[in-house]
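Okay, so here's the structure we're looking at.
The values are calculated or read from the model by the stated rules, or taken from the named source; none is laboratory data. Values in this document were obtained by computation on a predicted structure and should not be read as measured data. So basically every Cβ, Gly included, is an ideal-geometry build from the backbone, and we count neighbours across all protein chains shown. Quick note on the areas: whole protein, heavy atoms, side chains included, nothing else; ligands and nucleic acids left out. Shrake-Rupley method; radii C 1.70, N 1.55, O 1.52, S 1.80 Å.
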Amino acid sequence: MTQPTRQAARLALAVCLAGWTLAAQSRAQDSSDEVIIERTTLTDHLAMLEGQGGNLGVCAGDEGIFLIDDQYAPLSEKILASIAEFSDQPLRFVLNTHWHGDHTGGNENMAARGAVIVAQSNVRRRMSTEQVSEIWDRTTPAASTAALPIVTFESEVTFHLNGQTIEVFHPPHAHTDGDAIVRFVEANVIHTGDVFFNGLYPFVDSDSGGSLTGVLSAVDMLLERSNAQTRFIPGHGPLADLQDLQNYRDMLATVSERIAEAKQKGMDLAAFLETNPTEEFDEKWGQAWLSGEKFMEIVYAGDAPQADHHGH
Ligand SMILES: [Zn+2]
């Protein structure tokens, strides 16, 4: 709260340049020289890193480094330097929370340093082929083989490293269809991936199998696994506590109900937007990145298939 302007600027930087599109990626690469990796130590074994793109989680100890996400390729050396200040152990694993380029851009560099890249199977599937985003009218080419996760899982996997139990689980059809949530059981810290944007409206990537309904379910999975002392490393935005996550859930649930009602009435997007569906939330959630209107535009069209549980 002491430096609201700086925090807002950092949020905007972290998210506006989020590089799951080619254009954003090249912008990120142009400005990567100025990026500073900031490290927040959470326990002796855990830290959060913020640079440009999705927030990183680091688990360090005698058995090696477990890294969650790796932002953009031009930042790999800076990220490794920041980790080296925290631990002198070698990098062993990188866990990708989903396929977007601001979370996987450093994979090839990290693999070259000996990391085993791990992700939900749909991350490898999507990174292996060209991805088209209709919402942003952008195409992302297939990643090189060296950047692909070489270990994949379907619904969950557990790591036992550095005295930590690291539970990784997959909420279906949330931010994408390949999301992973990473829970450090003893430390009571959860890296949420992009199912949680703290302080800004989330992007829900329906072109990649995501849905607002699925994000809400993912948030409920987080709430089931947390308590008042849990700390959350969100995909974007500052380190969060349980209250922050509950506020996010309340906002999502309210707009989700409004969307369902409007669809029942047969309203089109333009008519729905005239009702100011995000009015009371825009000041808190609509400043740093997506406006309330853009957020509604993204989820109004995209959520119908997953909202219908009678379909498949
Ligand atoms: Zn993302």
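All but one of (1) surrounded by 15 or more Cβ atoms within 10 Å (Cβ to Cβ); (2) within 19 Å of Thr176 (Cα to Cα) hold for Ala253, so report the exception by its number.
(1) is the only condition that Ala253 fails.
Within the range 226-238, is there a residue that is free of Cβ contacts under 8 Å to residues at least 12 places away in the same chain and surrounded by fewer than 16 Cβ atoms within 10 Å (Cβ to Cβ)?
There is no residue in the range 226-238 that is free of Cβ contacts under 8 Å to residues at least 12 places away in the same chain and surrounded by fewer than 16 Cβ atoms within 10 Å (Cβ to Cβ).
Only one of these is among the hydroxyl-bearing types (Ser, Thr, Tyr), buried (at least 21 other Cβ atoms within 10 Å of the Cβ), modelled with pLDDT of 95 or more and within 30 Å of Ser206 (Cα to Cα): Thr129, Thr97. Name it.
Checking each option against the conditions leaves just Thr97.
Taking the range 181-214 only, how many residues are of a type outside the set (A, V, I, L, M), away from the ligand (no atom under 15 Å from the Cβ) and part of a strand (DSSP E or B)?
The total comes to 2.
Each row is one residue, and each column tells you yes or no for (1) in a loop (DSSP other than H, G, I, E, B); (2) within 13 Å of the chain's Cα centre (by Cα).
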| residue | (1), (2) |
| --- | --- |
| Met221 | no, no |
| Gln229 | yes, no |
| Pro238 | yes, yes |
| Glu261 | no, no |
| Met267 | yes, no |
| Phe272 | no, no |
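Name the residues in the range 152-171 that are more than 16 Å from the ligand (Cβ to nearest atom) and in contact with a helix residue (DSSP H, G or I) (Cβ under 8 Å, 6 or more places away or on another chain), would you?
Thr152, Phe153, Glu154, Phe169
Name the one entry in Asp88, Asp44, Asp69, Asp62 that is within 16 Å of the ligand (Cβ to nearest atom) and either within 14 Å of the chain's Cα centre (by Cα) or farther than 16 Å from Val182 by Cβ (or both).
Among Asp88, Asp44, Asp69, Asp62, only Asp69 is within 16 Å of the ligand (Cβ to nearest atom) and either within 14 Å of the chain's Cα centre (by Cα) or farther than 16 Å from Val182 by Cβ (or both).
Looking at (1) out of contact with any Asp or Glu (no Cβ under 8 Å at 6 or more places or on another chain); (2) open to solvent by less than 70 Å² (accessible area, probe 1.4 Å), which is the one condition that is false for Asp137?
With (1) out of contact with any Asp or Glu (no Cβ under 8 Å at 6 or more places or on another chain); (2) open to solvent by less than 70 Å² (accessible area, probe 1.4 Å) applied to Asp137, the lone miss is (2).
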